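Worksheet: the structure to be examined is printed underneath.
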Amino acid sequence: MKHGIDEKDPRFTIAYREAWIGVILVIINFVWWYGFAYGLGSSPVEEYSFIFGLPAWFFFSCVVGFIVMIILVIFAVKYFFKEVPFEDDLEENE
């Protein structure tokens with residue numbers, strides 16, 4: 001045991017993997033946002049193109065990025081995350 005946690009518990013292996021998936025999703029979100037916000041948004045305001053009344057950089061970085069991230073999170077939860085019981089085994093406690 002380390003810090004009162006049984007490292008051989010398979011729940012922790014699953015939790016570590018799912019935490020890394022969450023970190024990867026955050027990095028994807030940031031790269032998407034930064035790429036569009038500073039890629040398209042670095043030109044002078046007079047040269048901006050607009051989509052639905054929003055600057056293209058904002059539309060792609062915030063609106064489309066939000067939709068893409070929702071789809072990626074749903075996909076990750078559906079196919080990569082596993083249901084894990086939070087309770088300890090009742091047999092060990094009795």
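Bear in mind that the values in this text are calculations on the coordinates, not laboratory data. What you are looking at is a predicted structure, and each value in this text was computed from that prediction instead of being measured. Neighbour counts are summed over all protein chains in view; Cβ atoms, including those assigned to glycine, are modelled from backbone coordinates with ideal geometry.
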- [ ] Would you mind giving the three semi-axes, in whole Å and largest first, of the ellipsoid equivalent to region 18-94 according to its Cα gyration tensor?
- [x] 42, 11, 8
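How large is the dipole of the chain about the Cα centre if only Lys and Arg carry +1 and Asp and Glu carry -1, each at its Cβ, rounded to the nearest 20 debye?
Working: 6 positive and 13 negative charges, 133 e Å.
The dipole of the chain has a size of about 640 debye.
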Open item on the list: Run the simple label-point estimate for Phe12 and Glu83 please: 7 Å along Cα→C-beta, distance reported in nm.
Closed with: 2.5
Open item on the list: If you fit an axis through the alpha-carbon atoms of helix 10-40 and take the longest principal axis of the Cα set of the chain, what angle between them do you get, 0 to 90°, nearest 10?
Closed with: 10
Task: In degrees, nearest ten, helix 65-79 long axis to first principal axis of the chain (Cα) - done: 20
Open item on the list: Using a Gaussian network model on the chain with a 10 Å cutoff between Cα atoms, which of Glu46, Glu83, Glu18 fluctuates the most?
Closed with: Glu46
TODO: Using the charge dipole of the chain (Lys, Arg: +1 at Cβ; Asp, Glu: -1 at Cβ; taken about the Cα centre), state which of Ile51, Ala37, Ile14 has its Cα farthest towards the positive end.
DONE: Ile51
